[in-house]
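Engineer: Here it is: the structure, laid out below.
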Amino acid sequence: MEGVTIAANLHAARSRIDAACARVGRAPSEVELLPVSKTHPVSRVVEAQAAGYARFGESRPQELRDKAVELTGTGIDWVLIGHLQSNKAKLAAEHAAEFQALDSVALGEALDRRLVALGRRLPVLVEVNTSGEEAKHGFAPADVPAAVRALGACDALDVRGLMTIAVNSPDAAAVRACFERLVDLQARLRDAAGGGFDTLSMGMSGDFEIAVEMGSTCVRLGTTIFGARPSSDR
Ligand SMILES: *Cc1c(COP(=O)(O)O)cnc(C)c1O
């Protein structure tokens with residue numbers, strides 16, 4: 001594909017986000033399009049950056065680190081959106097501008113220690129398993145309030161909201177049910193916190209318009225922007 005294709009894909013996806021906002025009376029500025037560059041070479045990231053995007057999602061901490069090092073000085077911010085093991089916390093602490101898949105308090109504490117040592121703070125989202133699928137990461141919805149309270153003690157973590165991956169299904173009602181769980185949970189936690197906690201990362205290539213209609217503030221788009229990946233499970 002040529003450079004114009006990525007720019008065109010970004011433009012088309014942005015138009016669909018804006019149209020979804022219009023359908024429900026939301027301001028387009030409330031919704032970030034986060035291009036997900038995992039598995040794609042940095043040359044594609046550079047093309048997307050030229051089209052006006054400066055934040056990119058990556059699932060694997062090593063790949064995020066490698067790309068961050070390769071593109072040092074370009075002003076790109078890397079958002080870790082995939083599972084992180086505690087023994088890789090250092091990679092995220094050093095190279096991520098945001099972490100959207102915090103799925104255990106112990107991991108949060110490990111990350112916090114690394115960040116404190118580096119003198120950094122990191123915006124994080126708590127990942128929620130809204131589909132109940134065994135294979136998915138994330139806290140069960142019922143466990144989220146206690147986890148958010150516990151994570152509040154981590155000084156270097158700036159807990160800004162929630163993230164989820166909906167069930168991968170052609171059944172729009174099933175997808176909506178996942179997003180609805182996240183929205184309800186976020187509303188309760190935001191009210192309890194008395195403000196803040198307003199980021200909702202939900203929606204991927206197959207379901208982002210539904211997510212935007214339901215209140216997403218960040219859609220994570222890989223395939224729609226960069227094309228198919230070598231393997232579809234990551
Ligand atoms: C890969 C990935 C995406 C992007 O998926 P697409 O369906 O290609 O848009 C979004 N979120 C997470 C957490 C991912 O791992």
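The values are calculated or read from the model by the stated rules, or taken from the named source; none is laboratory data. Source: prediction; values computed, not measured. The protein model used for the area step is the full one, side chains on, heavy atoms only, and it has no ligands, DNA or RNA in it. Shrake-Rupley method; radii C 1.70, N 1.55, O 1.52, S 1.80 Å.
Engineer: With the contact rule set at Cα under 8 Å and sequence spacing of 6 or more, what percent relative contact order holds for the chain?
Structural biologist: It comes to 20 percent, rounded to a whole number.
Engineer: Then there is this: Helix-derived [θ] at 222 nm for the chain: sum -39500 (n - 2.57) over DSSP H runs of at least 4, divide by residue count, nearest 500?
Structural biologist: Numbers: 9 runs with 102 residues, N = 234.
Only helices count here, giving -13500 deg cm²/dmol.
Engineer: State in Å² the accessible area per residue of region 6-226; use a 1.4 Å probe, count heavy atoms of protein chains only, and round to the nearest integer. It would help to have the intermediate numbers written out before the result.
Structural biologist: On the way: 9410 Å² over 221 residues.
I get 43 Å² per residue for region 6-226.
Engineer: At a 1.4 Å probe radius, carbon and sulfur cover how many percent of the accessible area of region 41-160? Can you show the working numbers first?
Structural biologist: Details: 2670 of 5390 Å².
Its accessible area is 50 percent carbon and sulfur atoms.
Engineer: Still on this structure, please answer the following. Which helices, taking whole DSSP H runs in the chain, have alpha carbons extending 27 angstrom or more along the helix axis plus mean Kyte-Doolittle at least -1.0?
Structural biologist: Values: long enough: 3-24 (33 Å, 0.49); 172-193 (31 Å, 0.26).
Answer set is 3-24, 172-193.
Engineer: Right, another one. What percent does the relative contact order of region 1-82 come to when contacts are Cα pairs within less than 8 Å and at least six residues apart?
Structural biologist: Values: 74 pairs, mean separation 22.1, N = 82.
It rounds to 27 percent for region 1-82.
Engineer: Would you mind checking which residues have amide H under 5 Å from Phe139's amide H? H placed 1.01 Å from N; only 5 or more apart, or other chain.
Structural biologist: Glu127, Val128, Asn129
Engineer: Right, next: Kirkwood-based Rg over Rh for region 26-163 (C-alpha set), two decimals?
Structural biologist: Working: Rg = 15.1 Å, Rh = 15.6 Å.
On the Cα set of region 26-163, Rg over Rh gives 0.97.
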